[in-house]
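The values are calculated or read from the model by the stated rules, or taken from the named source; none is laboratory data. From a predicted model like this one, the values you see are computed outputs, not experimental measurements. FYI the Cβ positions are ideal-geometry reconstructions off the backbone, even for glycines, and counts take in every protein chain you see.
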Amino acid sequence: MASTRRRAASPPAQLPSISPAQLRYHRLVQNGLLQPFAGPEEAASALVGVQAQILPAAALALWNRTTGLSAAQVDDLLYSQRALVKLWGQRNTLHLYAARDWPLLHAARSLDRTWWEEKAARAGESPEVRRALVERVAAALRERASLGRSDLRAPEWGIEDADLLSPWGGIFADLVHLGIACHAGRGDGEGRFAHRERWLPDLVWEPPSAHDANLTVARRFFAAYGPATLQDYIYWRGIRQATARAWLHELEQELVEVAYQEQRLLLLRAHLPRLLASPPEAEAWPVRLLYRFDPYLLAHRDKAWVVAPEHYTQVWRPAGHIEGILLAHGCGAGIWRYERQSRGLVIQVRPFAPLPAYVAQQLPHLAAGVATFFGQPLVDLTVTALD
C-alpha cells in the first residue's frame, strides 16, 4: 500500500480525485449526521465509541446521530438497561461503547499499555506489586456491588502511592484494561466501578484474538471516518506507526486510495462510489450543534478540513479541551455552549463570521432540541460574534 504522507507533488493522475466538499459530505454521512443510526447502541458501535470524559457531551453526540433520544434515556441505557458501557478506550480516554462490543474492545486494547503501566515502565518498577493489588481489588469487586477510590483509601488496603487512585487511571484503569471492571455511575460524590460479571452477567465473554479485533476496529474506523490517512488512524487509535501499517497491509484488498489535494487518503473500497458522487448544494446539508469532544472533531490529525486554521485555537483549547461547534456545510461555523439555570437552559452560539440565512434560521429549532434532550425549557438563545 502506498504511503499516505503529505507530498510536495500531486498524487498520480490515475487515483480518483475528490474535492473538499466530497470529503466533508462523505465523512458527515458516514458519521451518522445526515441519516441517523437505528439507535444509540448502533451509533456507538459504528463510531467505535464516543468520548465520555464529560458524560453529557457523549450523550449529545449520540443524540445528534439518532432520533428522539433524551439524556434520561442515555442514563437508562448506561446504568439500568446496561446496553452501553463506559470504559477507558483508545488513547486511554473514557468512551461510551455498545456493551456487546466490550469483548471486541478488550481484545483490541490488550496490546496497549494502561496509563499506570506506562508510568511503571518508565520508572523501571516491577509489576508484581501492582499485579497483586489488581487481584485483591478484583476479588473485592466480585463480592460488592461497586467500589470507589475512597474505599481503597482505607488503611487495610495499604495504598500509599496516590497515583494508583488517580481519576486519570491508576488501579481502576488496570481493571478496565483487563476486562474486569467498568464504570458504574456515581455515588457518594465519586465514580464507582463494578465487576463485569456482576454488571453484565449475561454478556458472552469470548474476546477474539487481538489481531482479529484490531482488524475489525480498523475497518470500522475507515467506515465511519474515511477517507483518512494512515496518520489519522494512528492519531485516533493511539498506536505506533509500524503496528498500524501492518494491520492496514492486511486490509489492502478492502481499502482503496483517493487523491485529495496533495495527499493520498484511504477508504473502504465498497464506499468509493458514494464518495465520488456529487454532494448537494450547501443549503441541503444538515446544520448541527455538535457538542464538546464530538467524534466528528476527534478522528483526524489535521483539523483544517473542519475548522479553518485561523479559528483552530477557538475550538481546540489549552489542556486538551475541545469546544462544541455549530456545523454548517460540514464545517465549523462557530462555537457554542449551554448552561443550566434554575429556569431552564441557556444556549450561547458564537459564530466565526456572519451566518448564512439558512443556518441562522435553524438555530432556534436546534437550541430547542438540545433543551428538550435535557428535559428543560429553553429560556434564552443568544448569538454573539466572537471578539
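Numerical summary
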| item | result |
| --- | --- |
| Selection count where residues are part of a strand (DSSP E or B) and either touching a strand residue (DSSP E or B) at 6+ places or on another chain (Cβ under 6 Å) or more than 16 Å from S19 (Cβ to Cβ) (or both), scope region 262-274 | 5 |
| Sole exception among (1) under 19 Å from A218 (Cα atoms); (2) in a loop (DSSP other than H, G, I, E, B) for S126, by number | (1) |
| Candidate set: region 374-387, residues that are of a type outside the set (D, E, K, R) and part of a loop (DSSP other than H, G, I, E, B); chosen: the one modelled with the lowest pLDDT | L386 |
| Search result, residues across region 221-261 that are of a type outside the set (G, A, S), over 20 Å from the mean Cα position of the chain (by Cα) and more than 16 Å from Q22 (Cβ to Cβ) | Q241, T243, R245, W247, L248, H249, E250, L251, E252, Q253, E254, L255 |
| Positions within region 150-160 being closer than 20 Å to A120 by Cα and either surrounded by 15 or more Cβ atoms within 10 Å (Cβ to Cβ) or of a type in the set (F, W, Y) (or both), in sequence order | L152, W157, I159 |
| Residue in region 197-204 that is loosely packed, with under 14 Cβ neighbours inside 10 Å and over 30 Å from I54 (Cα atoms) present | no |
| Helices (runs of 4 or more DSSP H) wholly inside region 136-239 containing at least 2 residues that are closer than 16 Å to G89 by Cα | 170-177, 210-225, 230-237 |
| Cβ-Cβ under 7 Å pairs, at least 6 apart or on other chains, region 363-376 side more than 16 Å from R343 (Cα to Cα), far side buried (at least 19 other Cβ atoms within 10 Å of the Cβ) | L363/V349; L363/L381; P364/L381; L366/V287; L366/L289 |
| Test: residue in region 338-353 that is outside any strand (DSSP E or B), modelled with pLDDT under 95 and more than 30 Å from A72 (Cβ to Cβ) | no |
| Check on A371, farther than 20 Å from R27 by Cα, part of a helix (DSSP H, G or I) and out of contact with any Lys or Arg (no Cβ under 8 Å at 6 or more places or on another chain) | yes |
| Residue list for region 354-380, filter: farther than 21 Å from V74 by Cα, surrounded by 15 or more Cβ atoms within 10 Å (Cβ to Cβ) and hydrophobic (A, V, I, L, M, F, W, C) | L355, V359, A360, L363 |
| Index of the failed condition, P273 passing every other in (1) surrounded by fewer than 17 Cβ atoms within 10 Å (Cβ to Cβ); (2) touching a residue at least 60 places away in the same chain (Cβ under 8 Å) | (2) |
| Condition met for V306 (of a type outside the set (F, W, Y), within 26 Å of P16 (Cα to Cα) and surrounded by 12 or more Cβ atoms within 10 Å (Cβ to Cβ)) | yes |
| Matching residues in region 314-337 - criterion: being part of a strand (DSSP E or B) and among the aliphatic types (A, V, I, L, M) | I322, I325, L326, L327, A328, A333, I335 |
| Sole exception among (1) touching a residue at least 24 places away in the same chain (Cβ under 8 Å); (2) in contact with a Leu (Cβ under 6 Å, 6 or more places away or on another chain); (3) within 29 Å of W205 (Cβ to Cβ) for A43, by number | (1) |
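Residue-by-condition table, conditions (1) in a helix (DSSP H, G or I); (2) crowded, with 19+ Cβ neighbours inside 10 Å; (3) of a type in the set (A, V, I, L, M, F, W, C):
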| site | (1), (2), (3) |
| --- | --- |
| R245 | yes, no, no |
| E283 | yes, no, no |
| L289 | no, yes, yes |
| F293 | no, yes, yes |
| Y296 | yes, yes, no |
| R301 | no, no, no |
| Y312 | yes, no, no |
